[in-house]
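See below for the structure under consideration.
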Amino acid sequence: MQKTILFLIGILLLSCRTEPQSSITPQSTIKIEEGDSKEVIIEKAAHVVPTENQLDALRNEFIAFIHFGPNTFTRKEWGNGMEDPAIFDLKTLDTDQWCQTMKAAGMKMVILTVKHHDGFVLWQSRYTDHGIMSSGFLDGKGDILRELSESCHKYGLKLGVYLSPADLYQIESPEGLYGNLSEYTQRTIPREIPGRPFKNKATFKFEVDDYNEYFLNQLFEILTEYGEIHEVWFDGAHPKTKGGQKYNYPAWRELIRTLAPKAVIFGREDTRWCGNEAGATRETEWNIIPYPEDPRTSTHFPDLTDTDLGSREKLYAGKYLHYQQGETDTSIREGWFYRDDTHQKVRSADDVFDIYERSVGGNSTLLLNIPPNREGKFSARDVEVLEEVGKRIKETYEINLLKGAKGPKQVLDTNPDTYLLLTENKREIIVTLPAPATINRLILQEAVATHSERVEQHALDAWIDNQWKEIATATNIGYKRILRFPEVTTHKLRIRILESRLDPAISHISAHYYHTRPPQLAFTRDKEGMVTIAPLQTEFNWNPHGHNAAGNLNTGYEIFYTLDGSEPTQNSPKYEEPVKVENKLLKAVSFNNGAPGTIHSEAFGIVKKDWTLLGASSQRSDRTAALNAFDANNRSYWQSQEGSTHFIAIDLGKEYELKAMVYTPQTFHGDGMMAGGNIQVSADGKNWKTVETFEFGNLINDPTPRTHQFAKPVTTRYIRLQSAAVAGNGKSIAIAELDFL
């Protein structure tokens with residue numbers, strides 16, 4: 001309490017000495033009074049600041065999530081609560097490897113799912129035997145939370161815990177406590193268990209039912225026996241409920257505030273979900289959020305998924321203005337739990353680094369899930385990506401190209417407690433470098449601890465050819481904004497604040513250089529034959545975020561192409577819009593600052609706009625219809641029902657001379673890979689003759705497009721594929737796309 005009072009006094013002193021006295025005290029929650037004008041509401045918003053714990057959480061920037069439990073072994077995302085604990089068949093555990101990897105990635109904290117929705121616990125709880133104590137790991141004596149806590153201490157990482165309010169074991173078990181309609185009575189937390197005393201002798205008395213008592217007892221264990229906890233993460237997801245079970249959040253909050261005074265609470269008043277699990281970010285991420293009731297006493301915190309959370313118009317409709325930062329949570333793998341290293345894809349380093357810059361550089365915290373495998377370690381591919389991301393963060397952001405520059409000391413001294421207050425008469429900052437430097441990143445930070453988030457629109461100019469040139473614009477800044485732009489060489493920069501809520505206070509400016517790479521390219525062609533050329537994106541079939549990471553990172557690149565078989569150069573046609581390609585070889589290359597990337601080439605066959613379906617053996621559903629096999633979209637596919645015979649027949653619209661077939665398998669799962677078959681033609685679309693047979697190998701491990709060259713050209717309008725073999729002895733076939741050259 002004393003530390004909090006000193007923190008608030010510091011805010012007041014800083015506020016008083018740097019701007020005209022205001023009757024509004026900076027604090028994390030400010031009430032909107034009836035009759036407040038729009039101007040007063042905005043003035044209040046400009047005084048909403050994070051708590052000390054929230055500010056510490058913002059400064060973590062990049063943190064880790066660990067999903068580990070029975071789902072790791074059942075290969076499911078959600079369990080049912082009735083799994084035999086023996087399913088958790090862990091033989092080895094290396095939490096040091098986890099922490100080494102997270103440290104190398106630049107992360108500052110890790111949050112472990114000590115209990116997911118299935119109710120299985122990863123620590124030696126006194127209050128249940130549905131957990132690690134009933135598994136074979138270390139003969140039931142293992143404690144993953146303890147081992148992780150010790151590794152965190154060793155490697156200098158903070159520790160947080162995810163404790164699911166939902167508990168399927170307590171719902172499904174005959175003696176389960178969840179929704180058992182027990183009475184609310186005064187109970188002492190923690191409940192004494194013979195032979196298992198606590199070193200911490202604190203006790204609490206709450207009016208609660210059986211499940212809330214159970215939950216509070218487990219919180220007490222976690223918060224008193226595993227070192228300092230910096231975040232308690234409450235998931236809002238509920239696979240099932242029972243008996244009208246209610247959560248006594250005021251009791252939970254009191255326990256957490258008392259036993260973990262430095263912790264923020266996720267999913268409640270301290271930190272919020274970003275609104276998706278894809279790694280997508282808002283263009284404008286405000287942390288001053290309007291609430292219909294006082295968040296400090298509320299028990300209801302719905303997910304905030306709108307694009308606009310904190311604009312002026314949103315603030316006017318609120319009853320309370322509250323500081324609540326977002327966490328951008330996503331997974332490095334397809335899914336929250338580890339399944340395998342064959343089919344479960346891993347994000348590329350480009351993708352993770354792009355999400356890092358968009359989230360941390362967009363006024364939120366990046367919470368990246370890294371699920372351990374069944375050997376209790378991070379898989380090699382995950383480690384490789386994380387180490388590369390950490391390397392890029394260090395190479396880019398540990399070198400400040402404004403070192404030694406002239407300008408306001410308050411924004412250049414790297415001290416987060418100093419700031420420059422920009423008055424209405426001059427809302428710009430000019431920084432002069434000691435020598436010209438090449439930059440493509442700029443970091444801006446506001447003094448959110450004392451002056452809230454005030455900037456609404458800003459621009460960056462560089463002095464080029466003896467004049468100012470605008471090189472980047474963005475909306476808010478908040479805790480941190482990373483501006484990304486094509487590289488420029490300059491000795492002078494100007495930051496202009498175009499719109500703001502009162503006088504903004506800028507605490508930090510630094511310039512950086514990210515070593516861009518000419519991106520690898522990929523082609524996509526529609527049914528009309530128009531080809532789009534864009535940076536290659538790593539295949540990742542889980543919650544797509546809609547961003548092209550390579551394109552975002554490597555700004556300023558240009559693309560050149562050829563259609564005559566020659567190698568493309570900067571003298572070739574420049575790609576600026578989709579190109580019509582039919583029965584030709586397309587080659588393209590990107591250039592970034594004169595350096596070429598890798599040439600990408602692909603032969604395109606006949607255009608599909610006139611193709612029609614003659615028939616197919618079967619289809620599993622409308623989502624996997626046979627028409628998907630030639631819709632010019634690799635992310636849709638045809639999948640047949642299980643059976644012994646599978647075929648698809650197509651009318652090409654007119655006769656063509658065909659020289660090859662291209663089969664593109666679907667990449668969402670390993671089922672239905674067409675390992676071999678027959679190609680048949682017909683003069684009337686009814687009577688078929690086999691003209692080619694084909695075989696493709698290693699499709700399950702390498703589901704990439706395969707080309708079968710015909711022994712001699714075939715002229716036909718009607719063509720039919722008949723499967724003769726399915727990889728892995730499968731009983732259905734799947735086709736993402738068919739092409740004929």
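The values are calculated or read from the model by the stated rules, or taken from the named source; none is laboratory data. Keep in mind the model is a prediction, meaning the values are calculated, not measured. Using ideal geometry, Cβ is built from the backbone for each residue, glycine included, and neighbour counts are taken over all protein chains shown. We work out accessible area using only protein heavy atoms, side chains counted, and drop any ligands, DNA or RNA first. Shrake-Rupley method; radii C 1.70, N 1.55, O 1.52, S 1.80 Å.
Residue ranking by accessible heavy-atom surface, 1.4 Å probe, largest first, among ILE193, ILE648 comes out as ILE193, ILE648. Which residue, chosen from GLY279, VAL681, PHE266, occupies the Cα position most advanced towards the positive end of the dipole of the chain, where the dipole is computed from +1 (Lys, Arg) and -1 (Asp, Glu) charges on Cβ about the Cα centre? Sorting the options by dipole projection puts first GLY279. Shape class of region 243-357 from the alpha-carbon gyration tensor: oblate, with a/c at 1.5 or above and b/c at least as large as a/b.
The share of accessible area on region 671-741 that comes from carbon and sulfur is 43 percent, using a 1.4 angstrom probe. When the charge dipole of the chain is built from unit charges on Cβ atoms (+1 for Lys and Arg, -1 for Asp and Glu) and taken about the Cα centre, the candidate among PRO504, GLY730, LEU420 whose Cα reaches farthest toward its positive end is LEU420. To the nearest ten degrees, helix 2-18 and the longest principal axis of the Cα atoms of the chain are 80 degrees apart.
Can you give me the % of accessible surface on region 162-314 that is carbon or sulfur? Probe 1.4 Å, all protein chains present, nothing else counted.
The C+S portion of the solvent-accessible surface of region 162-314 is 49 percent.
Around the Cα centre of the chain, unit charges on the Cβ atoms of Lys, Arg, Asp and Glu (plus for the first two, minus for the last two) sum to a dipole of about 860 debye. Think of a 1.4 Å ball rolled over the protein heavy atoms: the chain then has 42 Å² of accessible area per residue. Residues LYS527, LYS201, sorted by accessible area with the largest first, give LYS201, LYS527 [1.4 Å probe; ligands and nucleic acids excluded].
Straight-line reach from LYS574: taking Cα to Cα under 17 Å and skipping same-chain neighbours fewer than 8 places apart, the lysines in range are LYS587. Phi angles of region 304-309 translate, via the Karplus equation with coefficients 6.51, -1.76, 1.60 and θ = phi - 60°, into HN-Hα couplings of 9, 10, 5, 5, 10, 10 Hz per residue; Gly and Pro are given as x.
Remark: for residue pairs LYS584/LYS712; LYS240/LYS731; LYS659/LYS731; LYS38/LYS319; LYS115/LYS240, the C-alpha separation exceeds 24 Å in LYS240/LYS731; LYS659/LYS731.
Rolling a 1.4 Å probe across all protein chains gives THR188 an accessible area of roughly 60 Å². In this calculation the C-beta distance from ASP306 to THR438 is compared with R0 = 45 Å, giving a FRET efficiency of 0.70. Accessible surface comparison of ARG454, ARG196, probe 1.4 Å, protein chains only, largest first: the order is ARG196, ARG454.
Stretching the chain fully between GLU576 and ALA725 yields a gain of 49.3 nm (0.36 nm per residue, less the alpha carbon separation).
Between ASP89 and ARG635, residue separation times 0.36 nm minus the direct Cα-Cα distance comes to 193.0 nm.
Rounded, prolate or oblate: which one fits region 264-421, using the alpha carbon gyration tensor with axes a ≥ b ≥ c (rounded when a/c is under 1.5, else prolate when a/b beats b/c, else oblate)? It comes out oblate by the Cα gyration axes. I need to check one value: relative contact order of region 217-334, counting alpha carbon pairs closer than 8 Å and at least 6 residues apart, in percent. For region 217-334, the relative contact order is 29 percent.
Take the Cα of THR693, step 7 Å toward its Cβ, do the same at TRP542, and the gap between the two points is 4.1 nm. Taken over region 326-450, lysine pairs spaced eight or more positions apart, or on distinct chains, with alpha carbons under 28 Å apart number 12. For the chain, the Stokes-Einstein estimate of translational diffusion at 37 °C and a viscosity of 0.692 mPa s comes to 113 µm²/s, using the Kirkwood hydrodynamic radius over alpha-carbon pairs. Between ILE288, ALA104, PHE540, the Cα set farthest toward the positive side of the dipole of the chain (charges on each charged residue's Cβ, about the Cα centre) is that of ALA104.
Tell me, how many Å apart are the Cα centres for region 208-243 and for region 384-461? Here the answer is 40 Å between Cα centres.
If the chain linking LEU498 and SER298 were pulled fully straight, counting 0.36 nm for each residue of separation and taking away their Cα-Cα distance, it would gain 68.4 nm. Per-residue ellipticity at 222 nm, computed for the chain from helices alone with -39500 (n - 2.57) per DSSP H run of at least four residues, works out to -5500 deg cm²/dmol.
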